[in-house]
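Beneath this line is the structure, given in structure tokens, with notes to follow.
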Amino acid sequence: MAESGHKELKAFRDDNTGLKGFVGIHDTTLGPAAGGTRRFSFESEEEAIIDVLRLSWAMTYKYAISGINMGGAKAVIWIDDNEHCSEELYRSYGRIVDSFNGRFVTGGDIGTGDRELRWINMETDYVIGLPEQFDHPPNYHGGGLGVIRAMEACCELVYGESDLSGVHVAIQGIGEMGYSMLHYLNERKADVTIADPNNEAVDRAEDEYGVRSVDPDRIFDVDCDVFAPSALGFVINDDTIPRLNCDIVCGAANNQLDDEEKHGSMLHEAGILYAPDYLANSGRTIDDTDLLRKGGYNFDRATAMIDGIYDRMLTIGKQSRQKDRPTYELANEMAEHRIEAIGNMRDNVQTIRTPQW
């Protein structure tokens with residue numbers, strides 16, 4: 001906690017439902033803390049704590065770089081069996097969320113979808129991301145659109161044009177975020193290769209979009225323009241960077257770099273443009289938290305902020321080239337500058353207005 005400046009780590013447990021896990025609150029300078037809830041069978045308590053601390057840190061920077069007045073948080077529900085998912089488990093967890101009295105607002109993540117969010121919502125109002133809270137057009141996905149806007153900016157920087165037509169994108173993981181990216185890439189006539197251990201999801205994507213697929217362990221070796229990590233984190237590391245055959249790394253996963261300083265620098269030295277993950281995947285966060293702004297959710301306002309991902313990536317990429325510095329460093333500085341500037345003009349926020357939904 002001291003290394004990353006975390007404010008709070010809360011452990012919780014309910015033997016009656018088998019609930020156990022952690023909530024990490026990193027920073028509340030910009031506003032109350034928000035972040036999704038991940039349900040996962042971690043191998044150890046240490047692994048669960050490290051995950052919640054790294055994810056909550058990333059949320060602070062994601063909000064700051066996106067211009068959102070929220071602080072960073074994350075929660076993990078640590079299960080022994082991936083099939084452990086029930087109403088009583090999530091309603092018990094919902095009471096944990098409610099105990100923060102608005103200092104922590106949560107949403108979906110791996111293992112926590114619409115059904116689980118509705119169970120949480122039975123016990124607390126501090127939930128965002130439910131479909132009924134928004135007025136979205138068909139096939140819209142703020143998270144997927146945000147990654148595409150970052151990808152278009154990267155192509156502008158590397159190839160001189162943002163058009164994704166004919167650009168070969170290799171997507172690792174086609175869960176909710178990865179599949180939404182497929183929709184937008186298909187609209188833009190990109191060439192796509194996918195990999196996922198879920199064979200049913202791969203078959204569906206091949207049938208619906210006509211994409212190619214490779215075995216999950218071969219996706220790092222695909223000769224492509226853009227490698228898009230969109231599953232679990234820590235996949236850009238000592239073993240995988242030498243295997244990459246791409247010009248750009250831009251995907252939806254959180255914590256893509258196993259060691260931010262080491263592997264962000266390795267990508268830069270290899271001439272591979274890296275879209276900082278908390279910038280590229282901030283579209284869903286921007287869309288969800290628009291719900292908490294004055295007047296409630298506004299689709300045009302939210303999509304305008306998502307479009308801003310393009311400009312922020314363009315600025316960071318140009319500075320990286322001019323200063324010969326890794327993009328992750330410049331993105332961190334951009335986020336930290338906003339936190340410092342706002343922090344000098346207001347006290348840390350501990351509560352949030354009552355949600356309007």
Is there a residue being outside any strand (DSSP E or B), among the polar types (S, T, N, Q), within 13 Å of Ile77 (Cβ to Cβ) and in contact with a strand residue (DSSP E or B) (Cβ under 8 Å, 6 or more places away or on another chain) anywhere in the range 4-24?
no
Going by the structure shown, is Asp80 over 27 Å from Ala228 (Cα atoms), out of contact with any helix residue (DSSP H, G or I) (no Cβ under 8 Å at 6 or more places or on another chain) and modelled with pLDDT of 95 or more?
no
Please list, ordered by first then second residue, the pairs with beta carbon atoms under 8 Å, 6 or more apart or interchain, first in the range 98-117 and over 30 Å from Gly178 (Cβ atoms), second in a strand (DSSP E or B) and not β-branched (Val, Ile, Thr).
Arg103/Ala33
With respect to Gly129, determine if the residue is part of a loop (DSSP other than H, G, I, E, B) and either free of Cβ contacts under 8 Å to residues at least 12 places away in the same chain or open to solvent by less than 30 Å² (accessible area, probe 1.4 Å) (or both).
yes
Given (1) of a type outside the set (Lys, Arg); (2) open to solvent by 10 Å² or more (accessible area, probe 1.4 Å); (3) closer than 17 Å to Leu279 by Cβ, where does Ser99 come up short, assuming only one miss?
(3)
Tell me whether the range 102-110 contains one or more residues that are under 22 Å from Glu8 (Cβ atoms), buried (at least 23 other Cβ atoms within 10 Å of the Cβ) and of a type in the set (A, V, I, L, M).
yes
Among the residues of the range 236-249, what is the count of those that are under 23 Å from Val202 (Cα atoms), part of a loop (DSSP other than H, G, I, E, B) and either touching a Leu at 6+ places or on another chain (Cβ under 8 Å) or open to solvent by 20 Å² or more (accessible area, probe 1.4 Å) (or both)?
1
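The values are calculated or read from the model by the stated rules, or taken from the named source; none is laboratory data. Please read all numbers here as calculations on a predicted model, not as lab measurements. All Cβ positions, glycine included, derive from the backbone under ideal geometry; neighbour counts span all protein chains shown. Surface areas here come from the heavy atoms of the whole protein model, side chains and all, with no ligands, DNA or RNA. Shrake-Rupley method; radii C 1.70, N 1.55, O 1.52, S 1.80 Å.
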